[in-house]
Structure formats: structure tokens, C-alpha cells
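Notes to accompany the following structure.
Read-outs: derived from the displayed coordinates by stated rules, not from any lab. Every value quoted in this text rests on a predicted model; they were computed, and no experiment measured them. Virtual Cβ from ideal backbone geometry, glycine too; neighbours counted across all protein chains shown.
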Amino acid sequence: MAKRPRLGARDSLREHFLNNLGRVMDAEELRLVAGNISEWARRVRELRTEEGYQILTHNDRSELKPGEYLLETDKIQPAFERTISKETRAYVLDRNGFTCQMCGAVAGEIHPYDAGRKTRLHIGHILDKSMGGNDEPVNLRAICSVCNEGASNAMLIRPDLARLLVQLRRATSVDQIEVLKWLVKKYPRQADELRKLGE
């Protein structure tokens, strides 16, 4: 019988998520599934942002702890294309001096926070594409694998409550209802408590 070829990290993670719909998985499990590579979290983000799988984290659901992941459905949403050209990547790396713009680690040197591994740089968005950011050089920066794992959908400046409320008031009622649905999904226990107070 022919031996099945070994899958790459991203393919292995996709298959694992699809075989475990509805089950919460932790970072250690996913790292092992990905072949124990340091960039397993990046591959999970690619499944979410590039392929459109709705992989949930603690940013989406309050009952999930940091480092826990959940795929509830195999339905995919429109995904973002990877559109950063090689020329733009080279320009941003050169502009940033081949240095991570979050921790200062230099490409090719031993990373100070990654157990003796050499620093690998990627191109990251300052304002994530899921939040309306684009692929223009002004919105891009060099970022190392370690920082990139913790930077998914994080902005340098978080909007305060007043700014959020202004944006919500400006949104259409359809979008406001979608935000409400998302909040109820993320905070089901708090939503139940609010319902009881209103009765």
C-alpha cells in the first residue's frame, strides 16, 4: 500500500480543525499537529485570514482562554488575498533595517526571547486587514515570528469607549445588530445576566 505523503503545517492544521469541529484545542496540541514548528500560530492565522475559516479565539468568545482555538463550522467566509509584492516586502525590510519593529530583534541573529533560535522576519500590518488596513508600505512593518504570533489583529492604539460608541452610532442598524450578535456570542453569561435584570 502506498504511503501517504506528509502534509505541510498549514494543510495538517486545516485537516485537524475540520476533523475536530466544535472541540476546543490548545496551543500545544496545534503546535504538535503543525510538526512542532515555531510558526504554527501564523499558519492558523493564514487559515483564518487567507482561506476564510472562522477559527475562534479568546478575542471572539469570552469562554475561550488565551491560547485556545475553536472551529465550529466548515463554512468559510470571504478571505483576504495575499497581495504584498516581493518588491514591497524588500522595500519594507530595508526601510526597517531588517529589524523587528516590536522587539528590536535583528534578522539572522539569535532571538533574545526564542530559546536560541535565529530571528526570522515577516511583513506585518500595522492596522490589520480585517480592521480595514491595506497593503501600502506605510501600513506595513518588519516583524519577527515571536512578535507576529502575539500580534494578530492587534492595533498599536486601541480605541477607547467613547470612540467605539461614536462609530457604533454611525453604523447602519443592520451592522449594529451584527455587533450585538457578536457581543452576545462572546459574552453569553453576561448577556443572560443583563436579560434577567431587564425582566
Once the in-chain neighbours fewer than 8 apart are removed, the lysines whose Cα is under 20 Å from LYS129 read LYS86
Note, the stretch 26-40: 3J(HN,Hα) by Karplus (6.51, -1.76, 1.60, θ = phi - 60°), whole Hz, Gly/Pro = x, goes 9, 4, 5, 4, 5, 4, 5, 4, 7, x, 6, 7, 6, 9, 4
Sorted by chain and number, the residues with a modelled amide H under 5 Å from that of ILE126, at a separation of 5 or more or across chains, are LEU140, ARG141
Given 37 °C, 0.692 mPa s and a Kirkwood radius over Cα pairs, the Stokes-Einstein diffusion coefficient of the chain in µm²/s is 171
A student applying the Cα gyration tensor rule (rounded when a/c is under 1.5; otherwise prolate if a/b is larger than b/c, oblate if not) would label the stretch 86-150 oblate
Partnerless cysteines (no other Cys beta carbon under 4.7 Å) identified across the chain are CYS103, CYS147
In degrees, nearest 10, the alpha-carbon axis of helix 188-198 is tilted away from the dominant principal axis of the alpha carbons of the chain by 20
Helix 173-186 sits off the longest principal axis of the Cα atoms of the chain, rounded to the nearest 10 on a 0 to 90 degree scale, by 70
